[in-house]
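Student: Handing you this structure, nothing more for now.
Values quoted throughout were computed directly from the atomic coordinates according to the rules given, and no laboratory measurement underlies them. The shown structure was predicted, so the numbers you read here are calculated from the model rather than taken from an experiment. Please note: Cβ atoms are built from the backbone with ideal geometry, for glycine as well, and neighbour counts cover all protein chains shown.
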Amino acid sequence: MEKNVFETLSERGFIKQVTHEGLEEMLGREKVSFYIGFDPTADSLHVGHFVALMAMAHMQRAGHKPIVLLGGGTGMIGDPSGKTDMRKMMTTEMIDHNVAQFRKQIGKFLDFSQDKPNGAVMVDNGDWLRPLNYIDFLREVGAHFSVNRMLTAECYKRRMEKGLTFLEFNYMLMQAYDFLELNRRYGCKLEMGGDDQWSNILAGADLIRRKEQKEAYGLTFKLLLKSDGKKMGKTESGALWLDPEKTSPYEFFQYWRNVDDADVKNCLALLTFLPMDEVERLGSLQDAKINEAKERLAFEITRQVHGEEEATKAMAAARALFAGGGEDAAMPTTTLSQAELEENKLLLDLLVKTGLTKSRGEGRRLIQGGGVSVNGNKVEDEFLELGPADVQDGAILLRKGKKVYHKVVIRD
């Protein structure tokens with residue numbers, strides 16, 4: 001008997017809240033259209049979006065139809081959920097560019113074949129939100145919202161002390177209207193999202209009941225957190241992006257290869273399609289054996305995001321590095337001529353040249369704190385100069401902190 005996808009999501013640790021107890025029964029009884037929204041606040045998705053994409057993939061594999069909603073309209077307002085300050089307003093051109101980037105990335109995770117009943121659909125809410133007549137919108141949608149109830153929502157309560165603009169106050173109405181519009185266009189019955197979206201999802205389900213006299217459902221995911229409660233996916237250089245131009249496949253692999261032991265099982269369950277008995281086996285490994293689980297985790301996630309070839313290259317580079325060689329093309333690399341090395345012979349300059357630090361001052365502080373190594377040797381002299389004697393097998397291997405490596409290839 002086919003497993004209910006609700007059971008799959010629950011077993012793997014996705015589910016935080018649901019609007020109805022009847023959701024599990026409905027997902028077992030019929031194949032439904034469901035949606036998740038992605039606001040284009042940057043030109044790439046990051047690892048925080050990964051849980052949502054995996055949940056959509058599990059739903060599609062169980063026969064349900066995903067609707068990917070890109071926020072070309074809501075992105076012009078900005079979601080106050082989880083934010084202490086108002087988001088920077090973006091131009092229409094920036095939003096449209098980011099939407100186009102999201103389209104390319106999401107295509108890797110879902111099957112968009114339109115000859116299948118559960119083939120994914122990608123839509124942009126700018127298509128219906130940007131042309132809206134404000135008075136018509138207030139009359140059709142605004143009349144069904146209680147300001148008193150809205151102000152009790154977590155996404156607004158947190159902002160009341162610092163100040164909540166009327167622009168952002170409209171966001172909940174717009175997201176609720178998205179759910180209504182998708183219900184009308186595609187028969188969409190379920191909205192899913194991160195737990196910070198709970199109030200907005202409730203508002204949409206309620207609007208459909210009021211306007212269409214139909215049942216609508218909501219489900220939220222747990223946020224991707226480390227065992228210490230902090231958000232996962234933050235690196236020394238910022239977010240962990242899914243775009244290989246912003247986070248290389250090698251850096252991406254290394255992030256997962258170096259997660260804390262306590263986080264391995266949770267990441268395997270949420271971010272891979274490995275069967276749960278294999279997740280349990282790998283997650284129970286102890287001491288040095290846990291490295292097998294970490295390597296498998298890093299390979300599986302990198303393969304899903306960047307493909308088999310890049311994952312294999314990244315794993316080979318990581319193995320070479322752990323073996324002390326550090327010699328592989330997948331590692332982030334800067335190529336310099338002998339003359340350019342001479343121009344940047346001061347280690348502080350080379351750190352800036354390779355992008356490992358943003359300034360000499362940052363490099364100086366890193367060296368003083370013991371956070372820089374050259375060819376595996378920790379550097380203590382902030383005025384260290386590098387030359388031909390430091391070039392080993394045609395390259396100099398720099399390391400920042402414990403996990404960030406960069407190869408400087410010297411061409412003849």
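Student: Give the lysines whose C-alpha is closer than 19 Å to that of Lys31, dropping any in the same chain fewer than 8 places away, or say none.
Tutor: Hits, sequence-local ones excluded: Lys3, Lys65, Lys116, Lys189, Lys214.
Student: Please figure out what share of the DSSP beta bridges in the chain is antiparallel and state it in percent, rounded to the nearest 5.
Tutor: Beta bridges within the chain, antiparallel portion: roughly 50 percent.
Student: Just to verify a number: FRET efficiency for Arg319 and Asp115, C-beta to C-beta distance, R0 = 45 Å, to 0.05?
Tutor: Here the calculated transfer efficiency is 0.60.
Student: Below 24 Å, Cα to Cα, which lysines can Lys226 reach? Residues fewer than 8 away in the same chain don't count.
Tutor: Counting by Cα, and skipping residues close in sequence, Lys226 has these lysines nearby: Lys16, Lys83, Lys234, Lys246, Lys265, Lys289, Lys294, Lys400, Lys402, Lys403.
Student: Right, next: Going by amide H atoms built from the backbone, whose H comes under 5 Å of the H on Ser33, apart from near neighbours?
Tutor: Lys65, Lys189
Student: Another question, if that's okay. What nm value, rounded to one decimal, do you get for the distance between Asn133 and Asp277 when each label is placed 7 Å out toward the C-beta?
Tutor: Inter-label distance under the simple model: 6.2 nm.
Student: Let me ask something else about it. Angle between the Cα long axis of helix 198-212 and the longest principal axis of the chain, 0 to 90 degrees, nearest 10?
Tutor: Orientation of helix 198-212: about 30 degrees from the principal axis.
Student: Please list, or write none, the aspartates and glutamates whose alpha carbon is within less than 12 Å of the alpha carbon of Lys407, excluding same-chain residues fewer than 8 places away.
Tutor: Glu327, Asp328, Asp393
Student: Indicate the gyration tensor shape class of the range 371-412 (rounded, prolate or oblate), computed on the Cα atoms with a ≥ b ≥ c the square roots of the eigenvalues: a/c under 1.5 is rounded; otherwise a/b larger than b/c is prolate and the rest oblate.
Tutor: oblate
Student: Work out, in µm²/s and without decimals, the Stokes-Einstein translational diffusion coefficient of the range 346-401 at 10 °C, 1.306 mPa s, Rh from Kirkwood over C-alpha pairs.
Tutor: 143 µm²/s
Student: Have a look at Gly72, Leu138, Phe253 and report the one farthest towards the positive end of the charge dipole of the chain, computed about the Cα centre with Cβ charges (Lys/Arg +1, Asp/Glu -1).
Tutor: The listed residue farthest towards the positive side: Leu138.
Student: Let me know the shape class of the range 195-260, please: from the alpha-carbon gyration tensor, a ≥ b ≥ c as square roots of the eigenvalues, rounded when a/c is under 1.5, otherwise prolate if a/b is greater than b/c, or oblate.
Tutor: Prolate shape, in that a/c is at least 1.5 and a/b is the bigger ratio.
Student: Show me the ranking of peptides 157-164, 345-352 by mean Cβ neighbours inside 10 Å, starting with the highest.
Tutor: Per-residue mean Cβ counts within 10 Å order the peptides as 345-352, 157-164.
Student: For the pair Arg61 and Arg29, how long in nm is the line joining their label points, each one 7 Å along Cα→Cβ?
Tutor: 2.6 nm
Student: Still on this model: Quick check: convex hull over the Cα atoms of the chain, volume per residue in Å³, rounded to an integer?
Tutor: Spread over its residues, the Cα hull of the chain gives 170 Å³ apiece.
Student: Tell me the mean residue ellipticity at 222 nm calculated for the chain from its helices only (DSSP H runs of n ≥ 4, each -39500 (n - 2.57), averaged over every residue, nearest 500).
Tutor: -12500 deg cm²/dmol
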